[in-house]
1. Restricting attention to the range 129-143, report how many residues are touching a helix residue (DSSP H, G or I) at 6+ places or on another chain (Cβ under 8 Å) and acidic (Asp, Glu).
2. Could you tell me whether any residue of the range 208-222 is on the phi > 0 side of the Ramachandran plot, in contact with a helix residue (DSSP H, G or I) (Cβ under 8 Å, 6 or more places away or on another chain) and of a type in the set (Gly, Ala, Ser)?
3. When you scan the range 142-180, how many residues do you find that are part of a loop (DSSP other than H, G, I, E, B) and more than 20 Å from Pro218 (Cβ to Cβ)?
4. Does the range 130-148 contain at least one residue that is of a type in the set (Val, Ile, Thr) and over 22 Å from Ser101 (Cα atoms)?
5. List every residue pair whose Cβ atoms sit under 7 Å apart, with the two residues 6 or more apart in sequence or on different chains, where the first one lies in the range 213-235 and is in a loop (DSSP other than H, G, I, E, B) and the second, anywhere, is surrounded by 13 or more Cβ atoms within 10 Å (Cβ to Cβ) and among the aromatic types (Phe, Trp, Tyr).
6. If you go through the range 150-164 one residue at a time, do you hit one that is in contact with a strand residue (DSSP E or B) (Cβ under 7 Å, 6 or more places away or on another chain), buried (at least 18 other Cβ atoms within 10 Å of the Cβ), at pLDDT 95 or above and closer than 18 Å to Asn233 by Cα?
7. Report, by residue number, each residue of the range 183-209 that is of a type in the set (D, E, K, R) and surrounded by fewer than 17 Cβ atoms within 10 Å (Cβ to Cβ).
8. Give the residue, chosen from Gly168, Gly143, that is within 19 Å of Arg228 (Cα to Cα), modelled with pLDDT under 95 and either basic (Lys, Arg) or assigned by TED's automatic domain parsing to the domain that holds Asp212 (or both).
Amino acid sequence: MKILFLFSCVFMFPFLLLAQAEEAEPDTSYQYLFGEAFILGDSLIQMAQSDSGSILSDSVSFLAQFEADFYLSDSIFPDFGSYKTNVFSERLLRQPPSLVSVKIEELVDYSLTFVGLPYRFGGTSENGFDCSGFVRYVYGKYGRELPRSSREQVHIGSTIALSEVQKGDLLFFKGRNSRSSYIGHVAMVIEVSPDGKDVKMIHSTRHGLRADWLSQEPYYVKRYVTARRPGLNPP
């Protein structure tokens, strides 16, 4: 009997250690979100399962919730590649790119395909644009309807300080008469300088559709009025 007991202990000991090791393993799952691999801990898995029954990388609603609520969660850890361990150091995860900001990038890229197109007074198509017709056309391709004229567009969205503008924001200027209080021109921001002190804008001008750094255009610097963020509807 003693021999049998000792044999049982020796035989079962490795399996007990293995079971303890498995119990110590945190409930994690490797998922690829926003093009990067993450290890998702208990709380995020439970949220995902309650939302859709499983973690689905193509679930837009879940990704939106992930972006909004969990990008600083202590239950999310970067995947360190081939080196896997049961002990994780808490790290602040950088915020994933917004689903809306991805669309803005696409919008900007699309707008640049028209550089060089001749100006057309009253133009609203790819045959030629005026300034407001151009931004209206580009935004319209991404589901955001804007009014026809720059004087109407300036009332859409929220006012943004020039020092805080981002890609996709609209810049409004006076027309030829710099003493006038009326809006006469609109451009769209396509780039912000690294120091945040200059912006590159795309606009349809009398010289055609072009991209310019604002600081290098004294004509427009003198006539600048305000910036607005019309925004895009979340996908």
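1. Adding up the residues that qualify gives 0.
2. Keep residues of the range 208-222 that are on the phi > 0 side of the Ramachandran plot, which gives 208.
This time we only want the ones that are in contact with a helix residue (DSSP H, G or I) (Cβ under 8 Å, 6 or more places away or on another chain), so: none.
The answer is no; no qualifying residue exists.
3. Kept after step one, since they are part of a loop (DSSP other than H, G, I, E, B), are these residues of the range 142-180: 142-149, 154-157, 161, 165-169, 175-180.
Going one step further and asking which of them are more than 20 Å from Pro218 (Cβ to Cβ), we end up with 142-149, 154-157, 161, 166-169.
Matching residues across the range 142-180 total 17.
4. no
5. What qualifies is Pro230/Tyr139; Leu232/Tyr142.
6. Taking every residue of the range 150-164 in turn, at least one turns out to be in contact with a strand residue (DSSP E or B) (Cβ under 7 Å, 6 or more places away or on another chain), buried (at least 18 other Cβ atoms within 10 Å of the Cβ), at pLDDT 95 or above and closer than 18 Å to Asn233 by Cα.
7. Taking the range 183-209 first, the residues of a type in the set (D, E, K, R) are 191, 195, 197-198, 200, 206.
Answer for the range 183-209, where residues must be of a type in the set (D, E, K, R) and surrounded by fewer than 17 Cβ atoms within 10 Å (Cβ to Cβ): Glu191, Asp195, Lys197, Asp198, Arg206.
8. Numbers: Gly168 fails: modelled with pLDDT under 95.
Unique residue meeting the criteria: Gly143.
The values are calculated or read from the model by the stated rules, or taken from the named source; none is laboratory data. Keep in mind it's a predicted model, so treat the numbers as computed, not measured. Reconstructed Cβ throughout: ideal geometry from the backbone, glycine too, with neighbour counts over all protein chains shown.
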